[in-house]
Structure formats: C-alpha cells, structure tokens
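Visitor: Here's a structure for you.
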Amino acid sequence: MIGFMQKHKKYLIVTIWISAIAFLGAGFVGWGAYSFSNTSNAAAVVGDRQITIDRLQREYARLYNVYNQLFNGNLDNEQAKKLGIEEQALNTLISRALMLNYAHDVGLRISQEEIIQTLTAMDIFQNNGKFDETIYKRLLADNQMRPKDFEEELGEGILLQKLDALLEIPLTPLEIQTISEAVFSEDHLKIQVLNDSEITFNPTEEEIKKYWEENKDIYQTQRGYEVLKVSVKSDSIPVDNETLKKHYEDFKNQFLDENGQLLPFDKAKDKVIAHYKSSQAEKESLKEYISLRKGENKKAESLVIYEGDSNYDTEFLNLLSQAKEQETLKPIKVKGEFITIKIQKIIPSEPKSYEAAKQDAIEDFITLRKTQLLEEKAALLLADFKGVDVGYVSRENKIALKGLNSQESQDFITQLFNKTEAKGYILLKNKVILYEILDQRLKNSDIITQNLDFIKQNGIQIKSRLTEIAFMEHLLNLYKVVRKI
C-alpha cells in the first residue's frame with residue numbers, strides 16, 4: 001500500500017476532490033457496479049475516519065469509468081477484477097482518509113461558506129453563467145448521490161488543498177546550488193569501446209537446448225483467432241456525377257482549402273469521390289455487420305488471424321485482442337476497406353517446441369553470452385585502462401563520441417551521469433564502453449542563470465517527491481488502518 005500511496009499522493013491531494021465531479025460527468029448508468037460483501041457498512045477504518053461501503057462503491061465506479069474509456073467501452077467485471085480496481089479504489093480512499101486525519105489534527109478546518117463558494121463556481125452546475133440549484137439536484141439524483149454526500153466530499157477536497165499548501169517546501173540556496181552542479185557539470189573523460197563483433201562464440205547443441213529449457217516460457221506461439229470476415233472496399237462503390245454533386249452539397253464543410261474556404265466542386269472532385277466512397281462503404285459494412293451478428297451473412301469467409309499480422313493495423317489487432325468468442329466487432333477501416341469480424345474461436349498462445357523455437361533461442365543465447373563475455377573482458381581491461389581522451393562532455397552533449405554514433409553517445413552519456421563511480425563500464429546494445437572520469441567542472445554561471453527556472457522547477461519536483469514518501473510513511477505509522485473487506 002505504501003508504494004501505491006507514494007506514487008499517487010500528489011494526485012490524491014491536488015485532484016481527488018474533483019472525483020465526485022468526474023463521477024457526475026461520466027454518468028453512473030449502472031455499469032461498474034460491484035458487490036462488496038460485508039456485514040457492516042464499513043470498508044475500512046483509518047484513524048478516526050470510517051470508509052463506508054457506499055463511498056467505496058462510488059470510488060470503484062469512478063475508477064471503472066476511467067478504465068472503461070481506456071478499453072474503448074469494453075471493460076467488464078471480470079477484467080476489472082484482473083486489474084484490481086477494487087483494491088485501487090480502497091487504497092485511494094485509505095490514502096485520502098490518512099491525509100484528512102492529519103489535516104484535522106494539525107488544526108486545518110473549512111467553513112460552509114468555502115464549500116458554497118466552490119460549489120456555486122462549478123461550471124457543471126451553471127446555467128447562463130449562474131449556479132442553478134435545479135441542475136445541481138438533478139445531476140446528483142441522476143447519479144444516485146445525495147447533496148449531503150457530495151458536499152462532504154467537496155469539503156474534504158478543499159481541506160486537502162490546504163494541506164497540500166503546507167507541504168510545499170521551497171528550495172534552499174544550497175539545494176539550488178547542488179542541483180545546478182548536478183545538472184550543469186561536465187566530465188573530462190577517457191573511453192574505450194568494445195564491440196561484440198570482437199567476440200567469437202559458437203554454442204553447442206547441448207548449450208542451446210539447456211538455454212531453451214531454462215527460458216522456454218518466453219518462446220510462445222502467437223495468439224490466433226478463428227474468425228468470419230466480411231469486407232467492403234471503398235473502391236467497390238460506384239459513383240456518378242449527379243450523386244457526387246449532391247454529396248458535395250450535403251458535406252461542404254469537408255471540402256475546404258488551407259484557408260478554410262470552400263473549394264469549387266471541380267477542384268474538390270477527387271476529395272468528394274474519396275469521401276463518398278468511404279461513407280457509402282461504411283454504411284454497407286454496417287448492414288453486413290448486422291447480418292453477420294445474426295449468423296445470416298453468406299458472404300463471410302473463414303480465416304485465422306494471428307497477432308502481429310502485417311495485413312492489419314495496430315488499432316484493429318488491439319480491438320481483436322480484447323474481444324471474446326462469438327463476439328462480432330463493428331466495422332473497422334483497415335487499409336481502404338471496412339472489415340467486420342465475428343470471433344468463432346480464440347487460439348491461445350502456447351510454448352513452442354524446441355525445434356520451432358531453436359533459431360530464436362540460438363540468437364538470444366549468442367547475444368546473452370557475447371554480452372557476458374564482453375563484460376568479463378571489460379572487467380579485466382579496467383584494471384589497466386588506457387582509453388582515448390574525448391575531452392569534457394555534459395548532459396547536453398550532441399556530438400558523437402569516438403567509436404559511437406550519435407544515439408549511442410547520448411545513451412552512454414545519460415547512463416554516465418547516473419553513475420557514482422569515477423571508473424567503470426557501461427553496457428549498450430552490442431557494445432561495452434569503458435570510461436574513466438579524469439576531472440569535473442561547472443559550466444559558466446551565465447548558463448546556470450539562464451536556466452534557473454528549470455533548475456528550480458526540477459528541484460521542487462525532487463524535493464516534493466522525497467517529502468511525499470516520508471509524509472505517507474509517517475501517516476501510516478501515525479494512524480491505524482483496519483480493513484474490513
């Protein structure tokens with residue numbers, strides 16, 4: 001739980017109070033309901049605060065809505081269980097309760113006037129720029145929420161904002177100086193590049209098989225789908241001049257030039273043809289979808305589609321991966337045609353046989369052993385390291401270092417400035433770079449002055465992160481958390 005709260009604490013303090021508004025905006029509509037079995041009305045008790053089942057249900061529904069949007073509206077309760085939405089909802093409310101306990105204990109309070117001021121300023125409840133009590137009560141009723149509960153959550157959110165203000169600790173001059181030195185320092189380097197092409201390794205059959213045995217779970221067949229497919233190609237739609245002119249008149253806003261002006265029909269004709277064919281193909285595919293869903297489509301062809309099939313784009317394959325057996329997908333445009341699919345059977349991935357996986361296993365094993373041998377060579381050379389002097393480099397260095405291309409140089413420098421050792425080696429793909437830092441210096445003060453806002457912004461983020469971790473650990477030690485479900 002500590003990890004969850006450490007990761008999300010800032011979000012919880014700054015934005016959690018608007019969760020009730022987000023909940024209203026989404027609409028409850030019955031989905032995302034969850035049956036929390038418990039004999040009492042408490043899901044958890046945190047210090048002096050009780051988290052009710054009703055409150056947990058609302059938070060669960062809010063999170064369900066967030067994930068449902070990510071799943072393009074296809075999330076079900078089984079998937080929600082796998083994602084752990086119930087646990088996330090309870091952790092969110094426990095974190096909130098911990099902070100509310102603390103806010104109360106340090107003397108923070110809110111007034112009814114603050115709640116009213118915030119409530120009446122919310123756009124969602126306004127009509128012609130003014131708060132409308134009828135809209136307010138109707139929206140709450142539509143979402144099965146009482147004004148008392150909504151205003152209580154709103155008040156808690158305001159209180160958490162006050163607590164957040166207390167936790168904003170400014171940077172000290174020493175901290176700014178330390179960050180400046182870390183960000184704008186330059187290292188004087190010697191390097192030596194070792195390439196895996198220098199390593200010769202020919203594995204035996206026994207070594208390959210042993211490697212495959214130890215890693216066979218990573219060599220899987222692709223997941224497949226036995227489907228019925230109906231496609232309608234845009235190019236199959238016939239056109240005539242009269243039909244195109246009518247389509248042009250009906251959809252003029254689709255045929256504008258770069259200045260937003262309507263193109264004459266003659267200049268827009270190619271666009272009109274493409275738009276008309278695409279729209280008509282989509283209409284035809286919707287008819288095919290209905291008949292396919294009912295099992296009455298005689299045009300459907302049977303085939304197997306595997307994940308990673310280059311004939312289909314990523315969006316289509318993602319939708320396919322989320323579908324269930326006997327589900328019919330609505331028409332999707334793929335490379336100039338609208339495709340409708342009914343999933344007959346899902347073919348799960350399974351471990352490949354040794355023979356099927358052998359070539360991949362050989363390549364992976366050789367790569368692994370070459371890397372290991374490169375590291376061993378680097379460790380030996382490091383003791384008597386000579387290297388090539390490449391001068392001073394900084395985090396912003398854009399010049400390719402000797403023996404490396406531009407991207408490799410950037411990757412090396414990024415890792416280098418995270419190292420604490422003055423001498424060592426860094427692994428890249430197919431390479432090991434030995435290095436020794438001979439000297440360090442700061443860039444001139446003008447560069448630091450020009451980037452002072454950047455330094456402060458990043459410093460505040462780092463300090464806030466450290467403060468958050470310590471704060472949440474302190475709250476867990478300060479208040480007892482008792483889960484009831």
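Visitor: Is it true that Arg441 is open to solvent by 50 Å² or more (accessible area, probe 1.4 Å), within 30 Å of Lys377 (Cα to Cα), at pLDDT below 85 and of a type in the set (Lys, Arg)?
Guide: In short, no.
Visitor: If only one of Asp411, Asp384 is surrounded by fewer than 16 Cβ atoms within 10 Å (Cβ to Cβ) and of a type outside the set (Val, Ile, Thr), which one is it?
Guide: None of the other options fit; the residue is Asp384.
Visitor: Return the only residue of Ile347, Ile339 being within 14 Å of Val227 (Cβ to Cβ) and crowded, with 17+ Cβ neighbours inside 10 Å.
Guide: Matching residue, one of Ile347, Ile339: Ile339.
Visitor: Which of the following residues is under 30 Å from Ser321 (Cβ atoms) and out of contact with any His (no Cβ under 9 Å at 6 or more places or on another chain): Gln69, Gln112?
Guide: Numbers: Gln112 fails: under 30 Å from Ser321 (Cβ atoms).
One residue alone meets the criteria, Gln69.
Visitor: With outside the structural domain of His104 (by the TED database), within 27 Å of the chain's Cα centre (by Cα) and at pLDDT below 90 as the only criterion, which of Asn418, Asn430 stands out?
Guide: Of Asn418, Asn430, the one residue that is outside the structural domain of His104 (by the TED database), within 27 Å of the chain's Cα centre (by Cα) and at pLDDT below 90 is Asn418.
Visitor: While we're on this one: Can we say Asp309 is surrounded by 14 or more Cβ atoms within 10 Å (Cβ to Cβ) and in the same structural domain as Leu428 (by the TED database)?
Guide: No, not satisfied.
Visitor: Taking the stated definitions as given, is Ile124 in contact with a helix residue (DSSP H, G or I) (Cβ under 8 Å, 6 or more places away or on another chain), closer than 29 Å to Tyr60 by Cβ, exposed (fewer than 13 other Cβ atoms within 10 Å of the Cβ) and of a type in the set (A, V, I, L, M)?
Guide: So Ile124 fits the description; yes.
Visitor: Given the criteria open to solvent by less than 90 Å² (accessible area, probe 1.4 Å), touching a Gly at 6+ places or on another chain (Cβ under 9 Å) and either assigned by the TED database to the domain that holds Phe338 or on the phi < 0 side of the Ramachandran plot (or both), does Ser236 qualify?
Guide: no
Visitor: From Glu78, Glu153, Glu114, grab the single residue that is open to solvent by less than 50 Å² (accessible area, probe 1.4 Å) and part of a helix (DSSP H, G or I).
Guide: Criteria check complete, one pass: Glu153.
Visitor: Something else now. With the structure loaded, tell me whether Ala182 is closer than 30 Å to Leu404 by Cβ and in a helix (DSSP H, G or I) or whether it fails that test.
Guide: yes
Visitor: Scan (1) of a type outside the set (A, V, I, L, M); (2) on the phi > 0 side of the Ramachandran plot; (3) open to solvent by less than 20 Å² (accessible area, probe 1.4 Å) for the single condition Tyr60 breaks and write down its number.
Guide: Condition not satisfied by Tyr60: (2).
Visitor: Still on this structure: Please identify the pairs in which a residue from segment 450-462 that is open to solvent by less than 60 Å² (accessible area, probe 1.4 Å) has its Cβ atom under 6 Å from the Cβ atom of a residue that is not in a helix (DSSP H, G or I), counting only partners at least 6 apart or on another chain.
Guide: That search, which allows pairs on different chains as well, returns Gly459/Leu171.
Visitor: Among the helices (runs of 4 or more DSSP H) contained in segment 234-349, which hold 1 or more residues that are under 28 Å from the mean Cα position of the chain (by Cα)?
Guide: Output list reads 314-322.
Visitor: Sort out which residues of segment 187-229 are among the basic types (Lys, Arg) and assigned to a strand (DSSP E or B), and write them in order of number.
Guide: Lys190, Lys229
Visitor: Take segment 316-336 and flag every residue that is open to solvent by 20 Å² or more (accessible area, probe 1.4 Å) and farther than 29 Å from Ile237 by Cα.
Guide: Within segment 316-336, Ser321, Gln322, Lys324, Glu325, Gln326 meet the criteria.
The values are calculated or read from the model by the stated rules, or taken from the named source; none is laboratory data. The structure displayed is predicted, hence computed values, not measured ones. Note that each Cβ is placed from the backbone with ideal geometry, even for glycine, and that neighbours are counted across all protein chains shown. For the accessible areas, the whole protein counts, side chains as well, though only heavy atoms, and no ligand, DNA or RNA atoms are used. Shrake-Rupley method; radii C 1.70, N 1.55, O 1.52, S 1.80 Å.
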